[in-house]
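The values are calculated or read from the model by the stated rules, or taken from the named source; none is laboratory data. Just so you know, these numbers come straight off a predicted model, no measurement behind them. Here the Cβ positions follow ideal geometry from the backbone for every residue, glycine too, while neighbour counts run over all protein chains shown. The protein model used for the area step is the full one, side chains on, heavy atoms only, and it has no ligands, DNA or RNA in it. Shrake-Rupley method; radii C 1.70, N 1.55, O 1.52, S 1.80 Å.
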Amino acid sequence: VFIFISDFSKAMSQAGTSQFQEVIRQELEYSMKVELDKILATATSNELEHTKKDLEGFKKLFHRFLQEKGPSVDWGKIQRPPEDSIQPYEKIKARGLPDNIASVLNKLVVVKLNGGLGTSMGCKGPKSLIGVRNENTFLDLTVQQIEHLNKSYNTDVPLVLMNSFNTDDDTKKILQKYSHSRVKIYTFNQSRYPRINKETLLPIAKDVSYSGENTECWYPPGHGDIYASFYNSGLLDNLIGEGKEYIFVSNIDNLGATVDLYILNHLMNPPNGKRCEFVMEVTNKTRADVKGGTLTQYENKLRLVEIAQVPKAHVDEFKSVSKFKIFNTNNLWIALSAIKRLQEKNAIDMEIIVNPKTLDGGLNVIQLETAVGAAIKSFENSLGINVPRSRFLPVKTTSDLLLVMSNLYSLNAGSLTMSEKREFPTVPLVKLGSSFTKVQDYLRRFESIPDMLELDHLTVSGDVTFGKNVSLKGTVIIIANHGDRIDIPAGALLENKIVSGNLRILDH
């Protein structure tokens, strides 16, 4: 009897706790609704429609955020994907290409995720407008690639840019320069959501404006927002009406993400006759990629698992290169009709990423985001394709920028390819110190980009500058201690060298 009573009281107290939590949840949702209504009341008639859509989308996300607690994967259910669910690229390529590749290409739309700013590299404005190679920006290279495709095959592959409220104005101004290129360019904006005060869980915005002191009140909610905002913009329906069937989505700063005809052919002419609605390009992990999201089998579906969803006890296992061998490149091929179907049923399920931020004034806020690849489990007949590393060439830092500006790559019609003179298929590991973080500082420190064809590893720290025509080979480590400066002289060859101390080359 005693056992029964103690169990009963435990059950009662648990019921009490869950009831109490439910009351708290309802109060938070009500308070949020009141605040959002106040914000909406400040919108002009021009802003009303899209602000309403944005805030509705945010409300759904906030509701889910309150319902879900802790990492959203049950580690015990994670399995390795079945063999045939991740195909090697070589097998896809071995099928060759049909004679009518132009008609296949005409079913494609290229979408670039263009919501990011260049702040991490010390630049103002959209990241896509940073010069990466011979004065060409990320956007220039993208347009050149698609123009080359359209000219080569006499096709009409359009480019769609998903901008954010941070990048839209600057991007639209620059698009005028492509008005004579052979690429139709469309843009749509991702949603604009209010940042939430971490303590009160209420929005910090008081009205709809997002300029001046209000810039920090709003944020674009991650690239998972593509499905809703693409659909809401009307562009999805227009493209379906034009006979387009697939989008190829990638980050605009991934210079390896070019249209691949073999993958496109595999989608349009599947060997088993059953079309995939969603293809994710994955590539083999190296030690540098241990934090990348990986594809797993979960409840009989392919599922993307990100490090933020992994219970703390299993993080090391998740990072293991031997257990989880691949990671998501965020190069995705998705059927337009499937996006429309799932969006209309409200059936796209993506885990919430809670991104904590500290604003300039010291206020702690959270922003609720989603990731585009997480929707893979909502689509039918999904597939992973294990592609060569060359399809993943992101430029996130000036260390990455140094690689793509160097003679390791040659540029042809907007596409970068690894130089044939490089003897290894992998790129060198480059770590530039904090003196190189901002693009303008980085450019000032190189009179010309060094010859890096035979480089394995480069570490540079402190106040270091490079003269013209420097060659770097093997492992090179250059460290200027605090207060010292090292000038690498023009024409210098550094092979397996450690340089430290003070080395000034004075003009005379």
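Below is a table of values for the structure above.
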{"quantity": "Accessible surface of the range 75-391, 1.4 Å probe, proportion on carbon and sulfur as whole %", "calculated": "48 percent"}
{"quantity": "Dimensionless Rg ratio for the range 290-393, taking C-alpha atoms and the 2.2 N^0.38 Å reference", "calculated": "1.24"}
{"quantity": "Candidate values [x] 39; [y] 25; [z] 14, label of the one derived for percent of Cα pairs over 42 Å apart", "calculated": "[y]"}
{"quantity": "Value of [θ]222 nm, deg cm²/dmol, for the chain, DSSP H segments ≥ 4, -39500 (n - 2.57) each, nearest 500", "calculated": "-9000 deg cm²/dmol"}
{"quantity": "S120/T17 FRET efficiency (R0 56 Å; Cβ-Cβ; nearest 0.05)", "calculated": "0.85"}
{"quantity": "Projected-area average for the range 340-443 over all orientations - Cα convex hull basis, square nanometres", "calculated": "11.6 nm²"}
{"quantity": "Spacing of the two label points (7 Å from each Cα toward its C-beta) at R64 and D237, in nm", "calculated": "2.4 nm"}
{"quantity": "Net lengthening on full extension, A490/L363 (0.36 nm per residue, minus Cα-Cα)", "calculated": "40.9 nm"}
{"quantity": "Share of carbon and sulfur in the accessible heavy-atom surface of the range 392-445 [1.4 Å probe, %]", "calculated": "52 percent"}
{"quantity": "Inter-label distance, nm, simple model (7 Å from Cα along the C-beta direction), Q343/S322", "calculated": "4.5 nm"}
{"quantity": "Rg and Dmax [Cα atoms of the range 71-222; Å; Rg one decimal, Dmax integer]", "calculated": "20.8, 61"}
{"quantity": "Dipole magnitude (debye, nearest 20) for the range 75-391, charges at Cβ of Lys, Arg, Asp, Glu", "calculated": "620 debye"}
{"quantity": "Additional length obtainable on full extension of the chain from K431 to K52, 0.36 nm per residue less Cα span", "calculated": "131.9 nm"}
{"quantity": "For the range 255-330, average projected area of the Cα convex hull in nm²", "calculated": "6.6 nm²"}
{"quantity": "Per-q log10 I(q)/I(0), the range 47-147, q = 0.12, 0.18 Å⁻¹ (Debye; single scatterer per alpha-carbon; no solvent)", "calculated": "-1.00, -1.05"}
{"quantity": "For M405, solvent-accessible area (1.4 Å; no DNA, RNA or ligand), Å²", "calculated": "50 Å²"}
{"quantity": "The range 372-508 - Debye-derived log10 I(q)/I(0), Cα point model, q = 0.11, 0.20 Å⁻¹", "calculated": "-0.48, -1.21"}
{"quantity": "Accessible solvent surface per residue of the chain, calculated while the other protein chains remain in place, 1.4 angstrom probe, Å²", "calculated": "49 Å²"}
{"quantity": "Largest to smallest accessible area among R391, R275 [probe 1.4 Å]", "calculated": "R275, R391"}
{"quantity": "Two-site label geometry, K396 and T459: point separation in nm, points 7 Å out along Cα→Cβ", "calculated": "2.0 nm"}
{"quantity": "For the chain: relative contact order, % (alpha-carbon pairs under 8 angstrom, 6 or more apart)", "calculated": "15 percent"}
